[in-house]
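Participant: The structure that follows is given in the form of structure tokens.
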């Protein structure tokens, strides 16, 4: 079965900026472990489509791990902005500095060695060991779980079925070309054994797939119903000067969005938070809300705004530059706030111009 899948992969492998295609690997070209590690960290809970541009920008700016290790924290966090799950960016820097420093720029080749590095868990360690170093590791992401659940008609719901699926995946992992095989299973899940409409008719594992024979492929893997996410609320304060610059602040290193640039604001809580403007000004509710969903909760940020003088205290940045460096939820709040603040002040500007 592994040979059948690899034959399919040789002709159907997806093109990705971090991937060495199977024909090139057959000629002895090996992936850059730095590229494999960087892409796998970026791909944690993020789609391939979203990662491609970020990956290319990172390797253009920091072509080697030593370059990334030497980068300023704020530069890396700004480059990561919009990719989400910002603890990954902080661990990315910790890992780069450890590998570039203590390990002489070389990644460990074993799963155990890789798991000792910051930000690398079981899946990421297996993926790097397999893809970068051709170790026969069991790579189990969401795509592989789905393929194994359907192939073997496993009806135990996830996450309870995870270890069963891992054991089944291990039985199929070959000693030869394990890196290509790992990528082949992931490609199969992403392109053919898709979540809602599997294209069983063109699947290289059409014949042995038990779920297809039972007519339940589209129903698997089964999942335990998730609890409803709570809603948290907060206030973001948008202070804009006459030159268009906006007030920003760096969030604390620890916690959600740690180290990222954002608008000043209150804590986020299920109860309405107490006001906490950055300084005294003519603050007013702009009538807009920035809504964003994190892993464990929904967030609603009410945006309050004020036009302030050029002598206002704090760090002010050009609005476009601030947007480029902010995480998604702060970008939403800033864009909505700028639009509403512009509308709210337009009549006053027109009246002043007539005077």
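The values are calculated or read from the model by the stated rules, or taken from the named source; none is laboratory data. Since this is a predicted model, take the numbers as computed values, not measurements. Note that each Cβ is placed from the backbone with ideal geometry, even for glycine, and that neighbours are counted across all protein chains shown.
Participant: Please indicate, with yes or no, whether at least one residue in region 196-207 is assigned to a loop (DSSP other than H, G, I, E, B), touching a strand residue (DSSP E or B) at 6+ places or on another chain (Cβ under 6 Å) and touching a residue at least 24 places away in the same chain (Cβ under 8 Å).
Facilitator: no
Participant: Just to be sure, is residue 13 outside the structural domain of residue 295 (by TED's automatic domain parsing), surrounded by 13 or more Cβ atoms within 10 Å (Cβ to Cβ), in contact with a helix residue (DSSP H, G or I) (Cβ under 9 Å, 6 or more places away or on another chain) and within 15 Å of residue 82 (Cα to Cα)?
Facilitator: no
Participant: Looking at region 51-65, is at least one residue modelled with pLDDT of 95 or more, loosely packed, with under 15 Cβ neighbours inside 10 Å and either in the same structural domain as residue 297 (by TED's automatic domain parsing) or not in a helix (DSSP H, G or I) (or both)?
Facilitator: yes
Participant: Return a yes/no flag: does region 254-271 have any residue that is assigned to a loop (DSSP other than H, G, I, E, B), more than 28 Å from the chain's Cα centre (by Cα), surrounded by fewer than 14 Cβ atoms within 10 Å (Cβ to Cβ) and modelled with pLDDT of 95 or more.
Facilitator: No, region 254-271 contains no residue that is assigned to a loop (DSSP other than H, G, I, E, B), more than 28 Å from the chain's Cα centre (by Cα), surrounded by fewer than 14 Cβ atoms within 10 Å (Cβ to Cβ) and modelled with pLDDT of 95 or more.
Participant: Restricting region 21-68 to residues that are in contact (Cβ under 8 Å) with a residue 24 or more places away in the chain and more than 25 Å from residue 135 (Cβ to Cβ), which is farthest from the chain's Cα centre (by Cα)?
Facilitator: Only one residue fits best here, namely 56.
Participant: If you go through region 140-168 one residue at a time, how many are touching a residue at least 60 places away in the same chain (Cβ under 8 Å) and either crowded, with 17+ Cβ neighbours inside 10 Å or in a helix (DSSP H, G or I) (or both)? Outline the logic, then answer.
Facilitator: We begin by selecting, within region 140-168, every residue touching a residue at least 60 places away in the same chain (Cβ under 8 Å); these are 145-146, 149-151, 153-161.
After this cut, where a residue has to be either crowded, with 17+ Cβ neighbours inside 10 Å or in a helix (DSSP H, G or I) (or both) as well, the list is 145-146, 149-151, 154, 158, 161.
The total comes to 8.
Participant: Follow-up. Filter region 275-299 down to the residues that are in a loop (DSSP other than H, G, I, E, B), exposed (fewer than 13 other Cβ atoms within 10 Å of the Cβ) and touching a strand residue (DSSP E or B) at 6+ places or on another chain (Cβ under 9 Å) and list them by number. Walk me through it before giving the result.
Facilitator: Narrowing region 275-299 to residues in a loop (DSSP other than H, G, I, E, B): 275-283, 294-297.
Filter once more, so that each one left must be exposed (fewer than 13 other Cβ atoms within 10 Å of the Cβ): 275-276, 280, 282, 295-296.
275, 276, 282, listed by residue number.
Participant: Restricting region 72-94 to residues that are free of Cβ contacts under 8 Å to residues at least 40 places away in the same chain and surrounded by fewer than 17 Cβ atoms within 10 Å (Cβ to Cβ), which is farthest from the chain's Cα centre (by Cα)?
Facilitator: For region 72-94, the residue satisfying everything is 72.
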